[in-house]
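Notes to accompany the following structure.
The values are calculated or read from the model by the stated rules, or taken from the named source; none is laboratory data. These figures come from a predicted structure and were not determined experimentally. So basically every Cβ, Gly included, is an ideal-geometry build from the backbone, and we count neighbours across all protein chains shown. All accessible areas refer to the heavy atoms of the entire protein, side chains included, with ligands and DNA or RNA removed. Shrake-Rupley method; radii C 1.70, N 1.55, O 1.52, S 1.80 Å.
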Amino acid sequence: MSSISEQNPVRVFVSHVFAPSDDYHRVFEYLESSRNFYYRNCSDPEIQLGGNAEAMRSELRKQINLAEVVIIPAGQYKHNEQWIDFQLNCAKGLEKPVIVLEYFGVKAKIPVQLEALADELIEWNERSIVDAIRRQARHEDTSRWDVIEFKLD
């Protein structure tokens with residue numbers, strides 16, 4: 001696997017049910033705030049399929065297949081259990097790693113199904129998300145050292 005660069009962005013799928021959601025957009029806000037991290041969004045919730053379930057499944061399969069890693073915000077599960085289960089099972093069937101994000105701003109138990117199929121379970125934090133993507137999609141070592149500067153008087 002090659003490292004992530006502008007010429008070789010990581011391909012990311014963020015779960016959706018063909019409607020924009022706060023959590024969906026929030027993932028990209030976090031990714032955008034990360035310096036020197038290049039990605040290509042393989043998910044497209046804007047496609048209009050008129051509620052045709054088979055067309056929706058087919059389109060989700062196609063989008064997930066393009067991705068190197070699948071990200072599922074846990075907050076989407078409650079209202080879209082069937083669709084998120086489909087995306088989880090599709091990702092596993094296509095051998096795509098799955099990163100599950102905990103609920104945003106709330107400490108709550110992650111649904112068993114999400115926990116069971118997650119390759120990694122992380123919190124909402126720009127660094128955690130980017131590092132998990134690097135590990136899961138490209139198997140990069142993400143150990144970092146924090147540098148703390150201080151003055152001696």
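Karplus-derived 3J(HN,Hα) values for segment 110-124, using 6.51 cos²θ - 1.76 cosθ + 1.60 with θ = phi - 60°, are 6, x, 3, 4, 5, 4, 5, 9, 6, 7, 8, 10, 9, 8, 6 Hz; glycine and proline are entered as x. Spacing of the modelled spin labels on residue 82 and residue 8, each 7 Å from Cα toward Cβ, amounts to 4.2 nm.
Since only 15, 53, 93 are under comparison, the one whose Cα sits farthest along the positive direction of the charge dipole of segment 1-138, derived from C-beta charges on Lys, Arg, Asp and Glu, is 93. Summed over the residues of the chain and divided among them, the accessible surface reaches 58 Å² per residue at a probe radius of 1.4 Å.
Scalar couplings 3J(HN,Hα) for segment 36-47, obtained by applying the Karplus form with A = 6.51, B = -1.76, C = 1.60 to θ = phi - 60°, are 6, 10, 10, 9, 10, 7, 9, 9, 9, x, 7, 4 Hz; x denotes Gly and Pro.
Could you work out the per residue convex hull volume over the alpha carbons of the chain, in cubic angstrom?
So the per-residue Cα hull volume is 137 Å³.
Evaluated with a Cβ-only charge set (Lys, Arg +1; Asp, Glu -1), segment 12-153 carries a dipole of roughly 240 debye about its Cα centre, given to the nearest 20. In this structure residue 78 has an accessible area near 150 Å², from a 1.4 Å probe over the protein heavy atoms. Length gained on full extension, residue 47 to residue 123: 24.5 nm, using 0.36 nm per residue less the C-alpha separation. Highest mean packing first, where packing is the average number of other Cβ atoms within 10 Å per residue, the peptides 5-16, 119-130 line up as 5-16, 119-130. The calculated FRET efficiency for the pair residue 141 and residue 35, based on their C-beta separation and a Förster distance of 22 Å, comes to about 0.75.
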